[in-house]
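*Asks:* Right, I'll just put the structure down here and ask away after.
The values are calculated or read from the model by the stated rules, or taken from the named source; none is laboratory data. Because the structure is a prediction, the values reported are computed rather than measured. Note that we place each Cβ from the backbone using ideal geometry, even for glycine, and neighbour counts take in every protein chain shown.
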Amino acid sequence: MNLKEFFQECRDQDVFKNLSIYIVSSWVLLQVFALVSEPLGFPKISLTYLLLILIIGFPIYVYLIWRYRIKEEHIEESDAATEALDKTLASAKSGIQIDPDNEALTLSAGIDRKFRKMYFLGLTIIGLLATLSAFMIINTNLIKDNTTAMESLLDAKTSDKIAILKFDNNTGNAELDMVGKIAVDWIMHGITQNKAGEVISPKLVEDYSNVLKASIMPSGENAILTEYLKPSKVIIGDYYLNNGRLLIQASITDANMNETLIALQPVECDPDSPLDCIEAIKQRVLGFLILDDGSEVDKNQLQERPPKYKAYQYFLQAEEKGQAGDDQAHLRFLELAIEEDSTYFEPKVNLVAYYYNNRQYVKSDSLLRALSQESSSNDRQVNLLNFYEAILEGNNRNTFKYLKKEYDESSKNLATNYSLMTMAQQFINRPDKIDSIYKVIPMENFDLEKCLWCEYRYYLKGLADIELGRYEEVVELLTPFSKLKGQVWLKQVLIRAHLQLGNEQEVTKILSDYKIIADPLDWADLNLYTAKEFILLKKEDQSNALFNVLLDELDELDISPGKKVESKAWALFYGGDYIRAEEVLEELLEETPENPTHHAFMAITYFKNNRKDRASATLNKLDNLRAPYQYGSIDYALAQYYGAIGQEKEALQHLLKAVADGRRYLPTNFQYDPLLQDYQEHPLFQDVMDFWK
């Protein structure tokens, strides 16, 4: 029997008709189920299970067609005829008279036997395809989910994502809005402290909502949470007044917010002491999340007891002001929170951070030392104190280690994620660590213009890829931003990648396009940066051309006088015009007498102009600038001086001192510093680059 005859026999036996009934019915069933499953409260995975059942059922259905739809008597006739032919005699039992010379009967028996053989061969192929399809579905949707679930059971304290939504204020009193914010914050701290899971806060959901592109924004209430962040559990709650008492209630739902896992008993307290309720509801939430795992809830979170309500209000206001960039208001509310509750740890540690970020290192360190005397053995307190101690000491390795602990608890937080990328790239020179951190938050759906952290993450990713030799990837990543106003950091990285690939025409185009739309200072900085990149590639003609363009246009640029002087000084210095650079650098140094870099360049210029006595005197002034918390800036400046005048040994020794004192691996330092490029092959230079690894 050939294939055409087989298909014709299948038509005669209504095989295709019955198969089409199954396929169409399955398709209709899937469509209907997809529409009604959500209103009926079925989980999304239900559709996958139904598809799996229908696929597995298909080969079974094909067999049942054979068993019940193809006439049994026809098969019996075929079997009897075959047996009779084999024996070349008539079978009285079968009731069929056999003639061995009957050619038609012989053909009929052979066809039926071949049809059955081909039918079951087809059934075997269908079964194999169904098995393969089922395996792929299980592997993609079920095994992965079950593995995650098993990991959660084995290590729930570090792998679960638990989302907390805003607690609704149903009191009718707007003054109590702060209660909901504090309740959410306090529960978050409890989950983090007890390692019950990775917390997704309302602020994180809001941040993602603000920076995701409108074209991919999921629709529906809480869609960002359920479709993008995908927690394993969601905590929701509200609070209201009853007979003059404040009541707070909360419940915990599944990931899709379709099923309530537990509705916690409401707690009540005096409206003037809402933290009593908040602490009680926090303990009930943690009890459900942790106690069923056999763990004991640690009632200590970021501090020994809840702070005073008013202090908490001040602290939340401080955070809001800090995120808005209002430093003065941020500082004022931090101080008010501490004044209201002198035992409140969190505003105190934030005050340490405030003074560090504003480069008031002495004050920051003093506050840290005082705070260290007050704190307990609380894990998170100890980790935060260790982090700030390390960063103030310039111990870059420990700085990364302690921030990594914070990151492990909230890896999808944009600020924490970016900060750890910064530590890996600029503090310990580990560009190889960037990818794993970067990939935690997919970037394709973010609107860069609304997301400052996103710009930083692209920047650090590009720098890391350049260090790893992935120049084409950097070009692909950053080219979409080459014609946008601002984001000069990204253009610097893109230019470096193009130059490494030899794409000088692309660099010229970027500079000319950017001049039209850029802030004048950004354009001037980008020209200087590009010119120095050409110096690193030993292409002096190209670098000098850019310096000359900048010098010709500098007077016409709308930038501050101080920036004009500095830009002119760098252009003349790096262009090798030390005679003119001397006067400009002297003017610059009068305005910035504490700047180590300006002293170093002044000393180099004097040396190049054969005024070695002045060079020596300037070098002494530079060395006398030494003070605590400079993080290697003096030694790095000295390394630049000795590198520029060809004293290799002294240059490398000061470089090693600089990095040991906390000098960061910035994109214009060390291997990207034109004054040090001749020493990069020296073993001691590699020791400098590997110092914190």
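*Asks:* Touching a helix residue (DSSP H, G or I) at 6+ places or on another chain (Cβ under 9 Å), part of a helix (DSSP H, G or I) and modelled with pLDDT of 95 or more, is that true of Leu625?
*Replies:* no
*Asks:* Something else now. If you take the residues in segment 515-559 that are outside any helix (DSSP H, G or I) and in contact (Cβ under 8 Å) with a residue 24 or more places away in the chain, which one is surrounded by the fewest Cβ atoms within 10 Å (Cβ to Cβ)?
*Replies:* Once the filter is applied, the top-ranked residue is Asp558.
*Asks:* Only residues in segment 587-603 that are within 13 Å of Asn620 (Cα to Cα) count as the first member; pair them with residues that are in a helix (DSSP H, G or I) and among the polar types (S, T, N, Q), Cβ under 7 angstrom, at least 6 apart or cross-chain, and list the lot.
*Replies:* Taking only residues 6 or more apart or on different chains, the pairs are Pro596/Ser633; His599/Thr618; Ala600/Gln640; Met602/Thr618; Ala603/Thr618.
*Asks:* With the structure loaded, tell me whether Leu463 is surrounded by fewer than 18 Cβ atoms within 10 Å (Cβ to Cβ), out of contact with any Leu (no Cβ under 7 Å at 6 or more places or on another chain) and more than 26 Å from Ala163 (Cα to Cα) or whether it fails that test.
*Replies:* The answer is no for Leu463.
*Asks:* A follow-up question, please. Could you check, for segment 640-651, whether at least one of its residues is of a type in the set (A, V, I, L, M), surrounded by fewer than 19 Cβ atoms within 10 Å (Cβ to Cβ) and modelled with pLDDT of 95 or more?
*Replies:* Taking every residue of segment 640-651 in turn, at least one turns out to be of a type in the set (A, V, I, L, M), surrounded by fewer than 19 Cβ atoms within 10 Å (Cβ to Cβ) and modelled with pLDDT of 95 or more.
Residues are listed down the side, and each one gets a yes or a no for (1) modelled with pLDDT of 85 or more; (2) outside the structural domain of Gly662 (by TED's automatic domain parsing); (3) within 24 Å of Gly180 (Cβ to Cβ); (4) crowded, with 17+ Cβ neighbours inside 10 Å:
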| residue | (1), (2), (3), (4) |
| --- | --- |
| Cys277 | yes, yes, yes, yes |
| Arg284 | no, yes, yes, yes |
| Phe288 | no, yes, yes, yes |
| Asp326 | yes, yes, yes, no |
| His330 | yes, yes, yes, yes |
| Leu334 | yes, yes, yes, yes |
| Tyr361 | yes, yes, no, yes |
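*Asks:* If I go through segment 474-503 residue by residue, how many of them are in contact with a helix residue (DSSP H, G or I) (Cβ under 7 Å, 6 or more places away or on another chain), surrounded by fewer than 16 Cβ atoms within 10 Å (Cβ to Cβ) and among the charged types (D, E, K, R)?
*Replies:* 2
*Asks:* Next up: Could you list, ordered by first residue, the pairs with Cβ atoms under 7 Å in which the first is in segment 659-678 and closer than 19 Å to Glu648 by Cβ and of a type in the set (Phe, Trp, Tyr) and the second is modelled with pLDDT of 95 or more and crowded, with 20+ Cβ neighbours inside 10 Å, at least 6 apart or interchain?
*Replies:* Filtered contacts from segment 659-678: Phe670/Leu676; Phe670/Val688.
*Asks:* Applying the selection to segment 337-354, what residues are surrounded by fewer than 20 Cβ atoms within 10 Å (Cβ to Cβ) and without any contact (Cβ under 8 Å) to a residue 24 or more places away in the chain?
*Replies:* The answer is Glu339, Ser342.
*Asks:* Looking only at helices (runs of 4 or more DSSP H) that lie completely in segment 308-404, which have at least 3 residues being on the phi < 0 side of the Ramachandran plot and acidic (Asp, Glu)?
*Replies:* Passing ranges, in order: 327-340, 379-393.
*Asks:* Further, regarding this structure: With respect to Gln487, determine if the residue is at pLDDT 95 or above, within 17 Å of Leu463 (Cα to Cα) and not hydrophobic (A, V, I, L, M, F, W, C).
*Replies:* no
*Asks:* For segment 264-275, give me each residue that is at pLDDT 85 or above and either out of contact with any Phe, Trp or Tyr (no Cβ under 8 Å at 6 or more places or on another chain) or among the charged types (D, E, K, R) (or both).
*Replies:* Pro266, Val267, Glu268, Cys269, Asp270, Pro271, Asp272
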